[in-house]
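Derivation of every value follows stated rules applied to the coordinates shown; laboratory data play no part. No experiment lies behind these values; they were computed from the predicted model shown. Note that each Cβ is placed from the backbone with ideal geometry, even for glycine, and that neighbours are counted across all protein chains shown.
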Ligand SMILES: [Zn+2]
């Protein structure tokens, strides 16, 4: 696959995964406001556009990474992606714990 084809493919995947957000919201408007913790990046995403892979629910951003990774054969399955995101999840947890304490020191005008 040449580079142009590759970029085209990635854009195609991005579009189709983004489209899932619209479809989900059309089907059930409440999911646009409902949050969940992504099993992949550990951040809070919205249910709309999230994708379930095997035992994991991934946010829309991670779904793009998963689809592209699978398409390009960078990963063989979702478990590999989940494992490779371990540090990212730790970071997200760390930030969620310590952000609240650091933002208190900032002065709000
Ligand atoms: Zn995620």
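Place the peptides 18-28, 64-74 in order of packing, highest mean first, counting for every residue the other Cβ atoms within 10 Å and averaging per peptide.
The densest-packed peptide leads the list: 64-74, 18-28.
For the chain, compute Rg over Rh where Rg is the Cα radius of gyration and Rh is the Kirkwood radius from the inverse mean 1/r over Cα pairs.
On the way: Rg = 16.4 Å, Rh = 15.4 Å.
Rounded to two decimals, Rg/Rh equals 1.06.
Report, in deg cm²/dmol and to the nearest 500, the calculated mean residue ellipticity at 222 nm for the chain, where each DSSP H run with n ≥ 4 adds -39500 (n - 2.57) and the sum is divided by the residue count. Display every interim value, and only then the final one.
Working: 4 runs with 62 residues, N = 109.
-18500 deg cm²/dmol, from helical runs alone.
Classify the range 1-62 from the C-alpha gyration tensor, please: rounded if a/c falls under 1.5, else prolate or oblate depending on whether a/b exceeds b/c.
On the way: a/c = 2.87, a/b = 1.63, b/c = 1.76.
Note, shape of the range 1-62 comes out oblate.
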